[in-house]
Amino acid sequence: MTLIALSLPADARVKIDHWIAQSGARVYLVESHALPIVDIAVEFAAGSAYDPREKAGLARLTLAMLKAGSSRYSESEASRRIADAGAELRENFDVDRAGFALRSLSSEAERKAATDTLADMLQSPRFPADAFERERARAVANILEAETQPDRVAERRLYALMYPEHPYGLSASPASLAAIAREDLERHYRTRYGSMQAVVTIVGDLSRDAARTLAEELTSRLAQGERYALAPVAPSPPTETLRIAHPSAQSHVLLGVAALSYGDPDYFPLLVGNYVLGGSGLVSRIFREVRDKRGYAYSAYSYLRPYQRAGPFLVGLQTRRDQAREALELARTVVAEFVARGPTEAELNAARKSLVGGFPLRIDTNRKVLEQLALIGFYGLPLDWLDAYPARVRSVTLAQIRSAFARRVDPGKLSVVVVGAPD
Amino acid sequence: MIPSRAAVFAAALALVSAAQANPHEFSLPNGLRLIVKEDHRAPTVVHQVWYRVGSMDEVPGVTGVAHVLEHMMFKGTRRFGPGEFSRIIAEAGGRENAFTSTDFTVYHEQIHRDRLPLAMRLEADRMVNLVVRPEEFAQEIKVVMEERRLSYEDRPRSLLYENLLATAFAAHPYKSPTIGWMRDLQNMTWTDALAWYRQWYAPNNATVVVVGDVRPEQVLAWARRYYGALARRTMPGRKALAEPEQRGVKRVTLKAPAELPYLRLAYKVPALRDPANDWEPFAISLIAEALGGSDAARFNQILVRERRTATSADADYELISRGPGMLFLGAAAAKGRSASELEDGMREIVARVAAEGISPEELARAKVQRLSELVFRRDSFFAQALELGELESVGLSFRGADRIAERFKAITVEQVRAAAARYLVEDGLTVAVLDPQPLNPRSAGAAPPAAKH
């Protein structure tokens, strides 16, 4: 039993091809010809962390406006071309990254119609003034709606507490959106959507030669762009508990602290430790204590979201408002207890087995491989990141987990937001 | 250059057919059905157990019991303690969960192919050996009430959907939410859950679907070993359920904390019953695509981009269901636009399709999108298993999947026009309107007050 769980099957491997395009873009390819599908992502260091504070929302709006018309296609033409090819185009956006993921049939006519449209969107957007006003109005409407939703309010406020100075804590407001001019979009696009920062990832039914050509088509007309290093996250701010009134039936409780970036040596100890604490769905400590034993919540979890700079460790639950205080205290206690003592030997073994044995499930579809590949490309992770993953999980020790949590997840420094409870 | 749609059809059809040629179907003497589909792209497997029972089989007073029992299925059997199932699967590197719908209840594991027997052994065990402990039930029913608060009470758009169904249906059990009415959850006892289990959980009411890196004969051998010995049970008779004909627009308004008006419209339409001969459901699915399936669809083009009455708009139709079919249309009003203005716009677009149908270009586009979706689904073992299990569980053979692509392809502009004219009519329409209320009635429009402690 142990043998099976701990040995990585030889066929759960991903062969990554990597090169630098003539444009300077970094390209990553995993060929797979079993299905007539190709998945393509093009991403830039152009997420919300690159927003000027007084113009928060600029990065998100710029990405949306790339679809609103390019040198060759109007907005409607572009939508129709994508739909006529049977393709799906999604926006990828977070604090670090902005870009698109395109899924297309690999048959040549359809694939070319789809990638040709994407190439034009990325490289010659027109930012028409009329569509800009419309997209800004939609963004304002979405923010106002989000301000009525307890989960969204809680998340926004928690990020502001965890990152009081850092742009990871920024969120757009009607005022910051109103401050954005069309020229700001053009400037953001010119500086941030540079070929030298572009990461192109391709998974599926495309030959290496065709992928080479495609990567050039998608990036050769981009400006070079400017390098810009995101500031590190300052040491944790003093702890705060923010209570926000809301007429909801449940209180939404979030606790968090800036903790982990990609490339950090604490990555694997924190990953394995968090699996035990709150990352393992139905079997974590937080789930057991909050949901199974007390019936406080439907969803109770903790997760780590690594970014370029220290991304959050976050604990969340939602519970009937009259028991929110008890549930919050319980969550604090479970975290504090875990940070103080770490997992038991049995818990650590179970976590290792589960993460190693479950590794093939992380890469068993083209779409999952694309997501992994995009992380490797964007954050400059080693090409053997996936192959080395099981061994690195296996090598994590109890001492490493205790040490990493003690340094990175100080329970005294958790910021807390409760939305719903009136007191 | 406009891509050759004939080429897309050919490529998609060839793939869909080739993929469908492979599923193998078996029946065990105890009535359990097994469908196995080989896919060797990764060393993993999906194992799903489909019970042909969902919330539409519930009776008044115990709504939500199908879903509550699904929660209790993780709380231990005569052999394993509460939570053991999850712990064992997790330690084997697997992922597991379950979901309940109006039509069926599904338990699923994703795991390395070598561990499939483990998943089968555990699922077979809880198919017949569940123990419903009163003290576990007492905790779990609280969890389900929290789930209801999270997913419905505090989500105005979900609550609106619940209101819409309760209004659209007078008799059919689709009128009650799968999560159950809060009062029914408060009144539910452990004996309700146990009775449900005894009534519906048996091998002759289950279909096991396995997709992944497996050989069918091997899966059959394991299935015989783990499921084969379970005893068949007599299933209760199922009454034929029908909704009386609707003869006029129905309306419901929901007041809830929100910023913008939101609308959901539902038209009563047929669901697929005979994949070889029905054509209307395919025509309606293509209408849904043309109305709200993509950025290029009419709703987005007209309501969001041209008139700017909506910030988003979509259309949704489930081809496959045990009960009556519904075409759902949804839209969120733009700031400063009223619900009635938005409703007029949506109904005007629908009326135009009912009167004129859609253009040949729109039809071709909708077909390409449906066929591409069928191809894209092949990327995921889980999605493939869902497709097979769903067809089986509503009483259509999984072999129907074979025909679906071809049936879509054969739909004509005239058929779309005929289906639209027949079903996109006021008499079968229900309109649900979310009337947004300020969070704090005393300071309408102000930001929520924040207090630091």
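The values are calculated or read from the model by the stated rules, or taken from the named source; none is laboratory data. Values in this document were obtained by computation on a predicted structure and should not be read as measured data. Positions of Cβ are backbone-derived with ideal geometry, glycine not excepted, and every protein chain shown enters the neighbour counts.
Can you find even one residue in the stretch A:103-111 that is in contact with an Asp or Glu (Cβ under 7 Å, 6 or more places away or on another chain) and either surrounded by 22 or more Cβ atoms within 10 Å (Cβ to Cβ) or among the basic types (Lys, Arg) (or both)? Yes, the stretch A:103-111 has at least one match. Taken over the stretch B:127-156, residues that are assigned to a loop (DSSP other than H, G, I, E, B), facing another protein chain (nearest Cβ under 8 Å) and touching a residue at least 40 places away in the same chain (Cβ under 8 Å) amount to 0.
With respect to the stated conditions, A:Asp322 fails to be part of a helix (DSSP H, G or I), acidic (Asp, Glu) and at the interface with chain B (Cβ under 7 Å from one of its Cβ atoms). Mind listing whichever residues of the stretch A:368-423 are among the hydroxyl-bearing types (Ser, Thr, Tyr) and surrounded by fewer than 19 Cβ atoms within 10 Å (Cβ to Cβ)? A:Tyr379, A:Ser395, A:Thr397, A:Ser403, listed by residue number.
For the stretch B:94-120, a residue qualifies if it is at the interface with chain A (Cβ under 10 Å from one of its Cβ atoms), surrounded by fewer than 20 Cβ atoms within 10 Å (Cβ to Cβ) and under 27 Å from B:Glu58 (Cα atoms), and exactly one does: B:Asn97. Inside the stretch B:74-93, residues that are outside any helix (DSSP H, G or I) and within 12 Å of chain A (Cβ to nearest Cβ) make up a count of 8. Residues in the stretch A:56-65 that are within 20 Å of the chain's Cα centre (by Cα) and part of a helix (DSSP H, G or I): A:Leu58, A:Ala59, A:Arg60, A:Leu61, A:Thr62, A:Leu63, A:Ala64.
Tell me yes or no: at least one residue of the stretch A:66-77 is facing chain B (nearest Cβ under 8 Å) and in a helix (DSSP H, G or I). Yes, because at least one residue in the stretch A:66-77 is facing chain B (nearest Cβ under 8 Å) and in a helix (DSSP H, G or I).
Confirm whether A:Arg97 is within 23 Å of B:Leu374 (Cβ to Cβ) and assigned by TED's automatic domain parsing to the domain that holds A:Ala211. So A:Arg97 does not fit the description; no. From the list A:Ser171, A:Ser195, A:Ser236, the lone residue that is small (Gly, Ala, Ser) and not assigned by TED's automatic domain parsing to the domain that holds A:Val38 is A:Ser236.
In the stretch A:240-289, which residue that is in contact (Cβ under 8 Å) with a residue 40 or more places away in the chain and among the aromatic types (Phe, Trp, Tyr) is nearest to the other protein chains (Cβ to nearest Cβ)? Here the answer is A:Tyr275. When each of B:Val208, B:Val214 is tested for being away from chain A (no Cβ under 14 Å) and at negative phi, the lone residue that passes is B:Val208. Among the residues that make up the stretch B:265-283, is at least one of them crowded, with 22+ Cβ neighbours inside 10 Å, of a type in the set (Gly, Ala, Ser) and out of contact with any His (no Cβ under 6 Å at 6 or more places or on another chain)? Among the residues of the stretch B:265-283, at least one is crowded, with 22+ Cβ neighbours inside 10 Å, of a type in the set (Gly, Ala, Ser) and out of contact with any His (no Cβ under 6 Å at 6 or more places or on another chain), which makes the answer yes.
In this entry, B:Ala332 passes the filter for residues that are within 14 Å of chain A (Cβ to nearest Cβ), touching a strand residue (DSSP E or B) at 6+ places or on another chain (Cβ under 7 Å) and over 30 Å from B:Thr207 (Cβ atoms). Using the structure shown, decide if A:Val315 is in contact (Cβ under 8 Å) with a residue 40 or more places away in the chain, in a helix (DSSP H, G or I) and closer than 30 Å to A:Ala49 by Cβ. When the stated conditions are applied, A:Val315 does not pass them. Checking the structure you have, find out if any residue of the stretch A:4-20 is hydrophobic (A, V, I, L, M, F, W, C), closer than 25 Å to A:Gly311 by Cβ, at pLDDT 95 or above and surrounded by fewer than 23 Cβ atoms within 10 Å (Cβ to Cβ). Within the stretch A:4-20, one or more residues are hydrophobic (A, V, I, L, M, F, W, C), closer than 25 Å to A:Gly311 by Cβ, at pLDDT 95 or above and surrounded by fewer than 23 Cβ atoms within 10 Å (Cβ to Cβ). Sort through A:Asp264, A:Asp209, A:Asp205 and tell me the only one that's buried (at least 19 other Cβ atoms within 10 Å of the Cβ) and acidic (Asp, Glu). After applying the criteria, what remains is A:Asp205. When B:Thr63 is tested against the conditions (1) surrounded by fewer than 22 Cβ atoms within 10 Å (Cβ to Cβ); (2) among the β-branched types (Val, Ile, Thr); (3) in a loop (DSSP other than H, G, I, E, B), the lone failure is (1).
In the set A:Ala211, A:Ala215, A:Ala234, only one residue is on the phi < 0 side of the Ramachandran plot, part of a helix (DSSP H, G or I) and touching an Asp or Glu at 6+ places or on another chain (Cβ under 8 Å); that residue is A:Ala211. Listed conditions (1) assigned to a loop (DSSP other than H, G, I, E, B); (2) within 14 Å of chain B (Cβ to nearest Cβ); (3) out of contact with any Leu (no Cβ under 9 Å at 6 or more places or on another chain) are all met by A:Leu383, apart from (2). The criterion of at least 1 residues that are under 18 Å from the mean Cα position of the chain (by Cα) and without any contact (Cβ under 8 Å) to a residue 24 or more places away in the chain is met, among helices (runs of 4 or more DSSP H) falling completely within the stretch B:351-450, by B:360-376, B:381-393. Of the residues A:Ala129, A:Ala119, A:Ala137, the single one that is over 23 Å from the mean Cα position of the chain (by Cα), surrounded by fewer than 23 Cβ atoms within 10 Å (Cβ to Cβ) and at the interface with chain B (Cβ under 8 Å from one of its Cβ atoms) is A:Ala137.
Within the stretch A:29-44, not a single residue is more than 8 Å from chain B (Cβ to nearest Cβ), at pLDDT 95 or above, in a loop (DSSP other than H, G, I, E, B) and crowded, with 21+ Cβ neighbours inside 10 Å. Just one of the listed residues (B:Ala124, B:Ala195) is away from chain A (no Cβ under 14 Å), without any contact (Cβ under 8 Å) to a residue 12 or more places away in the chain and among the small types (Gly, Ala, Ser), and it is B:Ala195.
Restricting the stretch B:222-235 to residues that are of a type outside the set (Phe, Trp, Tyr) and surrounded by 13 or more Cβ atoms within 10 Å (Cβ to Cβ), the residue that is farthest from B:Ser27 (Cα to Cα) is B:Met235.
Considering the stretch B:273-295, and only residues there that are farther than 13 Å from B:Ile358 by Cβ and part of a helix (DSSP H, G or I), the residue that is nearest to the other protein chains (Cβ to nearest Cβ) turns out to be B:Phe282. Quick check on my filter: what residues within the stretch B:70-93 are within 22 Å of the chain's Cα centre (by Cα) and surrounded by 24 or more Cβ atoms within 10 Å (Cβ to Cβ)? Once the filter is applied, which keeps residues that are within 22 Å of the chain's Cα centre (by Cα) and surrounded by 24 or more Cβ atoms within 10 Å (Cβ to Cβ), the stretch B:70-93 yields only B:Met72.
None of B:Glu259, B:Glu245 is within 30 Å of B:Leu291 (Cα to Cα), free of Cβ contacts under 8 Å to residues at least 12 places away in the same chain and assigned to a loop (DSSP other than H, G, I, E, B) except B:Glu245.
Every residue, every condition in (1) touching a Lys or Arg at 6+ places or on another chain (Cβ under 9 Å); (2) modelled with pLDDT of 95 or more, yes or no:
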| position | (1), (2) |
| --- | --- |
| A:Ala391 | no, yes |
| A:Arg394 | yes, yes |
| A:Leu398 | no, yes |
| A:Arg402 | yes, yes |
| A:Phe405 | no, yes |
| A:Asp410 | no, no |
| A:Lys413 | no, no |
| A:Val418 | yes, yes |
| A:Ala421 | yes, no |
